[in-house]
Amino acid sequence: MNEFSYSRATSLRDAVRSQDKSGKAKYLAGGQTLLPSIKQLLDAPERLIDLSGAGLDGIEVGRKTITIGAMTRHADVAASAQVREAIPALADLAGRIGDAQVRNRGTIGGSVANSDPAADYPAALIGLCAIVHTNARKIPAEKFFVGLFQNALKSGELITKVEFEIPTGAAYEKFANPASRYAIVGVFAASFDHVMRIGVTGAAHFAFRWAEAEGHGLGVKDLSNVSLDQSRFNSDLYASATYRAHLVRVLTLRAVSRL
């Protein structure tokens with residue numbers, strides 16, 4: 001492991017100021033990806049800025065939206081009575097991330113910023129018309145995930161919270177890796193006054209919206225002929241691109257049938 005310095009931000013302003021002054025620095029949220037990467041010499045920041053004291057956690061429910069602070073842990077989302085009442089499927093998704101240790105350390109902001117192709121939250125962000133709030137701007141979820149472990153954040157930009165629209169119904173279906181619990185494919189379907197949105201994770205290099213399937217309505221029985229671009233689908237030890245495409249169709253039907 002390479003040497004690095006450490007500081008703990010006491011506010012959002014302090015975190016941004018520390019990033020500006022520290023050169024090659026990285027924000028530390030739950031550390032579930034960053035710390036293993038540092039240990040394996042895949043990343044070598046000169047400084048870590050711990051966000052645990054920056055006041056970026058918490059859950060707020062409005063009339064049409066629910067907003068979750070970036071440092072809110074997965075376990076807290078899963079256990080939140082507010083989330084379970086407003087968007088039960090989001091609480092269900094959070095409760096199925098990794099294992100208990102991961103859920104009690106990992107944060108929604110860290111997960112979203114990492115843009116892991118197999119992470120669960122990105123599908124929900126896309127399905128629920130989410131807005132990613134940063135210290136500088138607001139980014140629609142469909143424009144946030146741009147590549148393999150790549151997002152739309154600029155250098156030094158920090159996620160502060162994620163705002164979800166409250167749907168009339170939602171469901172998350174996941175075909176999980178039995179060891180890591182990452183999504184080999186995950187599909188989040190949501191309805192807004194019978195207008196459907198479908199977010200897909202695990203299948204491609206980054207989460208995406210399957211808009212072609214949305215117009216088939218809540219009574220859809222067959223998606224075999226619906227267009228699905230496999231050109232950027234993942235193919236690895238766990239599943240081929242063709243099998244992932246099959247899973248997208250199957251899991252979408254399952255999710256929609258639960259709405």
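The values are calculated or read from the model by the stated rules, or taken from the named source; none is laboratory data. Note that this is a predicted model, so its numbers are computed, not measured. Please note: Cβ atoms are built from the backbone with ideal geometry, for glycine as well, and neighbour counts cover all protein chains shown.
One table, with the values for the structure above:
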| read-out | value |
| --- | --- |
| Residues being out of contact with any strand residue (DSSP E or B) (no Cβ under 7 Å at 6 or more places or on another chain) and assigned to a helix (DSSP H, G or I) - total across the stretch 209-259 | 9 |
| So GLY186, is it touching a residue at least 24 places away in the same chain (Cβ under 8 Å), in the same structural domain as ALA124 (by TED's automatic domain parsing) and not in a strand (DSSP E or B) | no |
| Single residue of the stretch 125-176 satisfying the filter (among the aromatic types (Phe, Trp, Tyr) and either in contact with a Lys or Arg (Cβ under 8 Å, 6 or more places away or on another chain) or part of a strand (DSSP E or B) (or both)) that is nearest to ILE68 (Cα to Cα) | PHE164 |
| Residue count for the stretch 52-86, restricted to those that are within 16 Å of the chain's Cα centre (by Cα), of a type in the set (Gly, Ala, Ser) and in a loop (DSSP other than H, G, I, E, B) | 1 |
| Conditions (1) under 14 Å from the mean Cα position of the chain (by Cα); (2) without any contact (Cβ under 8 Å) to a residue 40 or more places away in the chain; number of the one not met by LYS154 | (1) |
| Flag for ALA54 being buried (at least 17 other Cβ atoms within 10 Å of the Cβ), in the same structural domain as ARG103 (by TED's automatic domain parsing) and small (Gly, Ala, Ser) | no |
| Any hit, the stretch 4-26, residues being crowded, with 18+ Cβ neighbours inside 10 Å, out of contact with any strand residue (DSSP E or B) (no Cβ under 8 Å at 6 or more places or on another chain) and under 30 Å from ASN177 (Cα atoms) | no |
| Set ASN234, ASN135, ASN177: member being touching a residue at least 40 places away in the same chain (Cβ under 8 Å) and buried (at least 16 other Cβ atoms within 10 Å of the Cβ) | ASN234 |
| Residue count for the stretch 87-122, restricted to those that are part of a loop (DSSP other than H, G, I, E, B), buried (at least 20 other Cβ atoms within 10 Å of the Cβ) and of a type in the set (Lys, Arg) | 0 |
| Unique match (being small (Gly, Ala, Ser) and closer than 18 Å to ALA75 by Cβ) among ALA123, ALA176, ALA171, ALA141 | ALA176 |
